[in-house]
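Everything on this sheet refers to the single structure shown next.
The values are calculated or read from the model by the stated rules, or taken from the named source; none is laboratory data. The structure displayed is predicted, hence computed values, not measured ones. Glycine gets a Cβ as well: all are built from the backbone with ideal geometry, and neighbour counts include every protein chain shown. Ligands, DNA and RNA are stripped out before the accessible areas are found, and what is left, the full protein with its side chains, is counted by its heavy atoms. Shrake-Rupley method; radii C 1.70, N 1.55, O 1.52, S 1.80 Å.
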Amino acid sequence: MSSEPTETARTPERRLQAVLMDMDGTLIDSEHLWDEAEAELVADLGGVWTEEDHLRNVGNAAEPVGRYIIGLTGSDLTPRQIADRLYERFLAKLEEGADLRPGAKELVATLTAAGVPISLVTSTERSLISTAIGGIGLESFDDSVAGDEVSANKPDPDPYLRAARRLGVDPRRCVALEDSVVGVASASGAGCVTVAVPHHVEIEPREGVVIRDSLVGIDLEWLESLVADR
């Protein structure tokens with residue numbers, strides 16, 4: 001009888017290399033908190049913040065929102081000063097934590113159990129992330145990219161390209177989860193298969209973008225099917 005070891009069958013390489021997740025509006029229900037913070041600050045500056053103003057800024061980083069507010073109110077503050085005041089108000093509203101979007105925690109747990117790398121990719125600046133994502137825990141993610149750590153923020157592809165590069169994966173074999181128009185533009189521009197879960201704004205169907213009503217029921221098999229031909 002031969003004593004040579006028999007060759008074992010190799011496990012096929014997983015096509016899905018990572019899942020990249022937006023935070024505000026996608027994993028946590030925080031857009032209404034941003035809306036309240038923006039409205040309060042604009043009122044302090046002598047202006048009026050409408051629902052239309054908020055919808056125009058969903059998914060944007062704080063400094064672009066600051067520039068918008070300056071245009072709206074004529075304030076002599078800088079975009080950075082506006083951003084700092086917005087963050088101060090938003091952080092105060094997060095003291096009791098933000099509610100999680102349906103299915104968010106379960107999806108993160110599913111991917112973790114399967115060994116699929118996960119990165120948080122958010123326009124929110126680093127100083128707020130741990131508090132904002134507290135309902136899931138930043139430690140549940142393999143990595144995170146914050147809005148103040150990129151050369152250009154969403155809708156530019158840089159946040160998602162950076163997230164993929166840091167994980168050492170091909171963005172075309174990543175699935176990104178987003179809820180905003182600017183986020184979808186960023187993720188799809190980076191080459192990711194993008195799952196849009198609209199919450200406050202309408203997202204038009206486009207090539208490479210799959211639209212779902214919720215994160216509930218998303219499983220590994222379905223995510224892998226999205227990159228099967230890549």
Give the relative contact order (percent, whole number) for the range 138-230; include only Cα pairs under 8 Å separated by 6+ residues.
22 percent
Where the Cα pairs of the range 176-218 fall when distances are cut into 10 Å bins, in %:
33, 58, 9
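Quick one: length gained pulling Arg56 to Glu95 fully straight, 0.36 nm per residue minus the C-alpha distance? Each step should come with its number before you reach the end.
Values: separation 39, 0.36 × 39 = 14.04 nm, distance 2.62 nm.
Value of the extension gain: 11.4 nm.
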Taking one equal scatterer on every alpha-carbon of the range 116-162, how large is log10 of I(q)/I(0) by Debye at q = 0.15 1/Å?
-0.36
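What percentage of the solvent-accessible surface of the range 73-215, computed with a 1.4 Å probe over protein heavy atoms, is contributed by carbon and sulfur atoms?
Details: 2900 of 6260 Å².
Within the range 73-215, the accessible surface is 46 percent carbon and sulfur.
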Added length on full extension, which subtracts the Cα-Cα distance from 0.36 nm per residue, Arg230 to Asp170:
20.6 nm
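Find the relative contact order for the chain and round it to a whole percent, using C-alpha pairs within less than 8 Å whose residues are 6+ positions apart.
25 percent
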Please list, by residue number, every one of the GluC sites (Glu not before Pro) in the range 77-159 that is coil in DSSP and has at most 13 other beta-carbon atoms within 10 Å.
Glu95, Glu96
Contour minus end-to-end for Thr131 and Glu36, with contour as 0.36 nm per residue of separation and end-to-end as the Cα-Cα distance?
32.4 nm
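Taking the inverse of the average 1/r across all pairs of different Cα atoms in the chain, what Kirkwood radius in Å do you get? Please list the in-between numbers first.
Numbers: mean 1/r = 0.0543 Å⁻¹.
Taking the inverse mean of 1/r over all distinct Cα pairs, the chain comes out at 18.4 Å.
Sort the following peptides by mean Cβ neighbour count (other Cβ atoms within 10 Å, averaged over residues), highest first: 218-228, 195-205.
On the way: 218-228: 15.2, 195-205: 17.5.
Top of the packing list down: 195-205, 218-228.
Keeping every protein chain present and rolling a 1.4 Å probe, give me the accessible area per residue for the chain in Å². Could the numbers behind the result be given before it?
Details: 11100 Å² over 230 residues.
Per residue, the chain has an accessible area of 48 Å².
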As a test, work out the antiparallel percent of DSSP beta bridges whose residues both lie in the range 13-162, rounded to the nearest 5.
10 percent
Which percent of the Cα-Cα distances in the range 142-230 go past 20 Å?
32 percent
For the range 44-144, state the average projected area of the convex hull of the C-alpha atoms over all orientations, rounded to one decimal in nm².
7.3 nm²
Non-local residues with an amide H under 5 Å from the amide H of Leu177, with H modelled 1.01 Å from N and Pro and chain starts lacking one, are Leu20, Met21, Asp22, Val195
